[in-house]
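Everything below concerns the one structure shown next.
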Amino acid sequence: MRKVIYSMMTSLDGFIERTPPADARPNDPTLLDWVIIDEELHSFANAEAREAGAFLYGRRLYENMAAFWPTAEALPDMPGYVFDFARIWKSKPKIVFSRTLDKVEWNSRLVKEDVAEEVERLKQEPGGYLTVGGANLASTLIDLGLIDEIRLIVHPVVIGSGTPFFPPVPNTMNLRLLETITFGSGVVYLRYDVNR
């Protein structure tokens, strides 16, 4: 059975992005201007993305990713490791959970109903793990007991407010530490198994 893994970059105080202003556009750089993405970390993220069988997104994160990655290879002066992620992202299946979108592109499939049934079905399919991005979708999957592993990429910065990595949970989540990596930038990777 495939694992469902919630993985995002987070500030030390637990936020995945700053609170967006009312007029924020997709990929507003001010929401993530605190993130340290150097070659070492980007290459690590590329390797993890390469191992994934599919990306599971909510509407907002899908729109942000689709606003940049499909055309990133055409941008001048981008480092090779950025191009590498663009190629990985475009080739991977993406399952987008949204009741408001009418269509999705870039090797993506739209699911409008029954998140639990769809994720349970995906877990039974062969292939690499399912990686969940976005706090709203992760919140739903945590509530449904469908997250098997949590991977935090913790940046050494406190931003004070924003979208929290963890939603309020109805019950205690007991985790078992599986792995830690400290990068040269001071970013720390923490990988936990969700004990059930």
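Throughout, read-outs are computed from the coordinates displayed, never taken from laboratory work. Model, not experiment: these values are computed from the prediction. Glycine gets a Cβ as well: all are built from the backbone with ideal geometry, and neighbour counts include every protein chain shown.
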Applied in sequence order to the range 90-99, the curve 6.51 cos²θ - 1.76 cosθ + 1.60 (Karplus, θ = phi - 60°) yields integer Hz couplings, x standing for Gly and Pro, of 5, 7, 7, x, 10, 10, 10, 9, 7, 8
Quick note, the range 52-91: a/c under 1.5 would make it rounded; otherwise a/b > b/c is prolate and the rest oblate (a ≥ b ≥ c, C-alpha gyration tensor); here it is oblate
Checking 126, 79, 170 against a Gaussian network model of the chain (alpha-carbon springs below 10 Å), the top fluctuating residue turns out to be 170
By the C-alpha gyration tensor axes a ≥ b ≥ c (rounded if a/c is under 1.5, else prolate when a/b exceeds b/c, else oblate), the shape of the range 1-160 is rounded
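Taking Cα pairs under 8 Å and at least six residues apart, what relative contact order does the range 4-99 come out at, in percent?
This gives 31 percent for the range 4-99.
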Restricting to lysines and to Cα separations under 20 Å from residue 90, and discarding same-chain partners fewer than 8 apart, the set is 103
Scoring the chain by relative contact order with C-alpha pairs under 8 Å, at least six apart, yields a percentage of 35 percent
The chain: antiparallel bridges as % of DSSP beta bridges, rounded to 5, reads 40 percent
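Could you give the length gained by full extension between residue 195 and residue 176, i.e. 0.36 nm per residue of separation minus their alpha carbon distance, to one decimal place?
Numbers: separation 19, 0.36 × 19 = 6.84 nm, distance 0.68 nm.
Additional length available on full extension: 6.2 nm.
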The chain: longest segment with zero exposed GluC sites (Glu not before Pro), where exposed means DSSP loop plus at most 16 other C-beta atoms within 10 Å, is residues 1-104
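With the cut-off at 1.5 for a/c, could you classify the range 65-196 from its C-alpha gyration tensor as rounded, prolate or oblate? Walk me through the intermediate numbers first.
Working: a/c = 1.67, a/b = 1.08, b/c = 1.54.
In terms of gyration-tensor shape, oblate.
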The size of the Cβ-based charge dipole (Lys, Arg +1; Asp, Glu -1) of the range 138-196 about the Cα centre, to the nearest 20 debye, is 80 debye
Out of 142, 88, 163 - ranked by how far each Cα lies towards the positive end of the dipole of the chain, with unit charges on the beta-carbon of charged residues - the top one is 142
Amide H proximity to residue 7 below 5 Å, modelled H, separation 5+ or other chain, gives 132, 151
Given backbone amide H placed at 1.01 Å from N, residues whose amide H is under 5 Å from that of residue 54, ignoring those fewer than 5 places away on the same chain, are 131
The rounded separation in angstrom of the Cα centers of the range 91-105 and the range 44-90 is 15 Å
Interchain or sequence-distant (5+) residues whose placed amide H lies within less than 5 Å of the amide H of residue 14 are none
Quick calc, the range 81-181, dipole around Cα centre from Cβ unit charges on Lys, Arg (+) and Asp, Glu (-), nearest 20 debye, gives 320 debye
The size of the Cβ-based charge dipole (Lys, Arg +1; Asp, Glu -1) of the chain about the Cα centre, to the nearest 20 debye, is 460 debye
